[in-house]
Amino acid sequence: MQNLVNNRRYPREYFKKFLPLDVDCKTMDSEFCASMLNLSPTGAFIKTDKNLIVGQEIAMTIRFPKNGDTIKATGEIIRSNHSGVGVEFKIFFDH
């Protein structure tokens, strides 16, 4: 799983085999669980009905159920609509 964090050159197709993923999210205003429907080396789309604002920071714990691994990351919301939010990854954390 470390390759997912360190090597951001994987094509988007590589990540499709993991989707959808459960993700625990935290912002300054709330904490919630959601589904990650799209994942790339640089960002993700999170399905949620939360009213989140473009420019808002978000912390995420992404769970890979097939092998039990998790990745912690922070990001910035770059798109928001009725289906969810687009997030651009900023920092990945080892644990």
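The values are calculated or read from the model by the stated rules, or taken from the named source; none is laboratory data. In this text, all values refer to a predicted model and were calculated from it rather than measured experimentally. Every residue, glycine among them, receives a Cβ derived from its backbone with ideal geometry; neighbour counts consider all protein chains shown.
What to note about this one:
- Output for the range 84-95, where each listed residue is of a type in the set (Gly, Ala, Ser) and either modelled with pLDDT under 95 or under 11 Å from the mean Cα position of the chain (by Cα) (or both): Gly86
- Any chance Ile58 is exposed (fewer than 14 other Cβ atoms within 10 Å of the Cβ) and part of a strand (DSSP E or B): no
- The set of residues in the range 17-40 that are among the aliphatic types (A, V, I, L, M), over 15 Å from Ile77 (Cα atoms) and free of Cβ contacts under 8 Å to residues at least 40 places away in the same chain contains only Leu19.
- Of the residues examined, Ala59 is one that is more than 19 Å from Phe18 (Cα to Cα), hydrophobic (A, V, I, L, M, F, W, C) and under 10 Å from the mean Cα position of the chain (by Cα).
- Filtered residues of the range 82-95 (kept if touching a strand residue (DSSP E or B) at 6+ places or on another chain (Cβ under 8 Å), surrounded by fewer than 19 Cβ atoms within 10 Å (Cβ to Cβ), of a type outside the set (Lys, Arg) and farther than 14 Å from Ser35 by Cα): Glu88, Ile91, Phe92, Phe93, His95
- Complete set of residues in the range 21-41 that are assigned to a loop (DSSP other than H, G, I, E, B) and either at pLDDT below 90 or among the hydrophobic types (A, V, I, L, M, F, W, C) (or both): Met28, Ser40, Pro41
- Scoring Arg79 on the criteria (1) in a strand (DSSP E or B); (2) out of contact with any strand residue (DSSP E or B) (no Cβ under 8 Å at 6 or more places or on another chain) leaves a single failure, condition (2).
- The test for being in a loop (DSSP other than H, G, I, E, B) and at pLDDT below 90 holds for Asn67.
- For the residues Leu21, Leu37, the requirement of being buried (at least 17 other Cβ atoms within 10 Å of the Cβ) and out of contact with any Gly (no Cβ under 6 Å at 6 or more places or on another chain) singles out Leu21.
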